[in-house]
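A.B. asks: A single structure is presented below for examination.
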Amino acid sequence: AQSVAQPEDQVNVAEGNPLTVKCTYSVSGNPYLFWYVQYPNRGLQFLLKYITGDNLVKGSYGFEAEFNKSQTSFHLKKPSALVSDSALYFCAVRDVSISGGYNKLIFGAGTRLAVHP
Amino acid sequence: DGGITQSPKYLFRKEGQNVTLSCEQNLNHDAMYWYRQDPGQGLRLIYYSQIVNDFQKGDIAEGYSVSREKKESFPLTVTSAQKNPTAFYLCASSGRGLAGSNEQFFGPGTRLTVL
């Protein structure tokens, strides 16, 4: 079965330090992977995606993610965290059972990032 | 939140009532989606539609209904058959991309509370 796991409910990091939010996936074939961020009582905002090509993907707000096929992981990273990065982060993978050009996503449970001053 | 609007932002419902949540997009996207978000469970897909007048059940469609009469609109009705409707509801849309590579754009959400 296809799935996405975010093993940490919460990640705490000090401002200025590097941050990593972990994501692992299980899907047959080549995965399409996405990261979204959600601020309180708001919708999700797209950060970045991996479709093909370079394993290091750069996205919005200084975030990047590294695709590792052998470890089936797609961890989100940022070199220097800001207090304003505090939010809920979701990893998602495309459901490969759906054909066509549209995207049905399978989401992880989310990881709450807390950046302390 | 892009070009997707959801209304109302907050909705209160008495038990046994049907309520309809609105979702409109001006992004010219073909596909639209409805998700339910509960604390600690991430997002679960209720219904999705890839084209006007067609839609498919997602993972938790029981107690919900949708329509897609216009490309821009994808309203969700929470019926009295939904046993635990209190949740945050998110609408999203996406354009046709190469083999589903396009990201989804999300609306600001509607928080439904059953009294």
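Every number in this text was worked out from the coordinates using simple rules, so none of it is lab data. All of these numbers come straight from a predicted model, not from anything done at the bench. In this analysis, Cβ positions are derived from the backbone assuming ideal geometry, glycine residues included, and neighbour counts consider all displayed protein chains.
A.B. asks: Identify, among A:29, A:87, A:41, the residue whose Cα sits farthest towards the positive end of the charge dipole of region A:18-117, taking +1 on the Cβ of Lys and Arg and -1 on the Cβ of Asp and Glu, with the dipole about the Cα centre.
C.D. replies: It is A:41.
A.B. asks: Name the residue, out of A:57, A:83, A:21, whose mean-square fluctuation peaks in a Gaussian network model built on chain A with Cα pairs under 10 Å.
C.D. replies: Between A:57, A:83, A:21, it is A:83 that shows the largest mean-square fluctuation.
A.B. asks: Among all lysine pairs in chain A that are eight or more places apart or on different chains, how many have alpha carbons less than 19 angstrom apart?
C.D. replies: Counting lysine pairs in chain A gives 14.
A.B. asks: OK, next. Subtracting the Cα-Cα distance from 0.36 nm times the residue separation, let me have the gained length for residue B:56 to residue B:77 in nm, one decimal. Mind dumping the intermediate values first?
C.D. replies: Numbers: separation 21, 0.36 × 21 = 7.56 nm, distance 1.46 nm.
Result: 6.1 nm gained on full extension.
A.B. asks: Let me ask you something else. Regarding chain A, what whole-number volume in Å³ per residue does the convex hull of its Cα atoms give? Before the final figure, lay out each step's value.
C.D. replies: On the way: hull volume 12.3 nm³, N = 117.
Cα-based convex hull of chain A, divided per residue, equals 105 Å³.
A.B. asks: List the aspartates and glutamates whose Cα lies under 16 Å from the Cα of residue B:57, skipping any in the same chain that are fewer than 8 positions away.
C.D. replies: Correct list for residue B:57: A:95.
A.B. asks: Could you tell me which residue out of B:23, B:56, B:39 lies farthest along the dipole of chain B toward its positive end? Charges go on the beta carbon: Lys and Arg +1, Asp and Glu -1, centred on the Cα centre.
C.D. replies: Farthest towards the positive pole: B:39.
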